[in-house]
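Quick note: the coordinates plus some simple rules give every number you see, no bench work behind them. Model, not experiment: these values are computed from the prediction. Neighbour counts are summed over all protein chains in view; Cβ atoms, including those assigned to glycine, are modelled from backbone coordinates with ideal geometry.
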Amino acid sequence: MASSLSGAVSGQEQGGLNPADGNYRPSADEPFMNEQQLQYFKAKLLDWKESILRESAGTLQQLQTDSLREPDLTDRASSETDWSIELRTRDRQRKLISKIDAALRRIEEGEYGYCEVTGEPISLGRLEARPIATMTVEAQERHERNEKVSRDE
C-alpha cells in the first residue's frame, strides 16, 4: 500500500490534496484519471468493500448466536421473514463486491473511469455517486432502453 500512496504524495507536492487524507475531491480542473483521482477512487472502493464485509460478518455472527426456535408460530414466521430479507440483502451485497473488485481491476489496468461502450470519460459526478459505474449516463440510458425494448418484444 505504501507504494500506491507514493503517487498521492507526489500529487500533494504538485499543489493538490492527498487523496488518502480524506480532504481530496476529484475536480474537472485536473487531468482526468490522474494518479490522485485513481488513488481517491481506489480508497473509496476499498472502504465500501470493507464496510460491506463488516456488515456481512455481523450478520453471520448474529445468525450463529440467535436461534429461530421461537415458541410461538407467529413469532417464528416473523423471524424467518426477517432473516430471509437479511440474507437476500447479503446476496445483493455479495454481487456488489464482485462489481467493486471489477472496478479495482479496471483501476490497476488503467481502464477505470472510461465507458466500456463508447470509451469516453465517465463524469466525475457519476463516479462519485456510483464508483462501480462502467458506462456514461448516456450509454447507460441507451442500454436500458434497448433492454426494455427487448423485454417488451
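Of note:
- Largest-first principal axis extents of the Cα set of segment 51-153 (Å): 59, 40, 20
- In terms of surrounding Cβ atoms within a 10 Å radius of their Cβ, 97, 122, 85, 107 rank from fewest to most as 85, 97, 107, 122.
- Model label points for residue 128 and residue 111, set 7 angstrom from Cα along the Cα-to-Cβ axis, are 2.7 nm apart.
- GluC sites (Glu not before Pro) restricted to DSSP loop in segment 44-122 with at most 15 other C-beta within 10 Å: 111, 116
- Measuring r between the beta carbons of residue 151 and residue 89 and using R0 = 35 Å, the FRET efficiency lands at 0.90.
- Separation in nanometres of the label points that stand 7 Å from Cα toward Cβ, at residue 30 and residue 61: 3.6
- Label positions at residue 48 and residue 143, each projected 7 Å from the Cα along the C-beta direction, are separated by 1.4 nm.
- Percentage, to the nearest whole number, of Cα pairs in segment 113-153 over 14 Å apart: 47
- Packing-based exposure ordering (other Cβ within 10 Å, fewest first) of 99, 42, 148: 148, 99, 42
- Amide proton proximity set for residue 114, modelled H, under 5 Å, gap of 5+: 122
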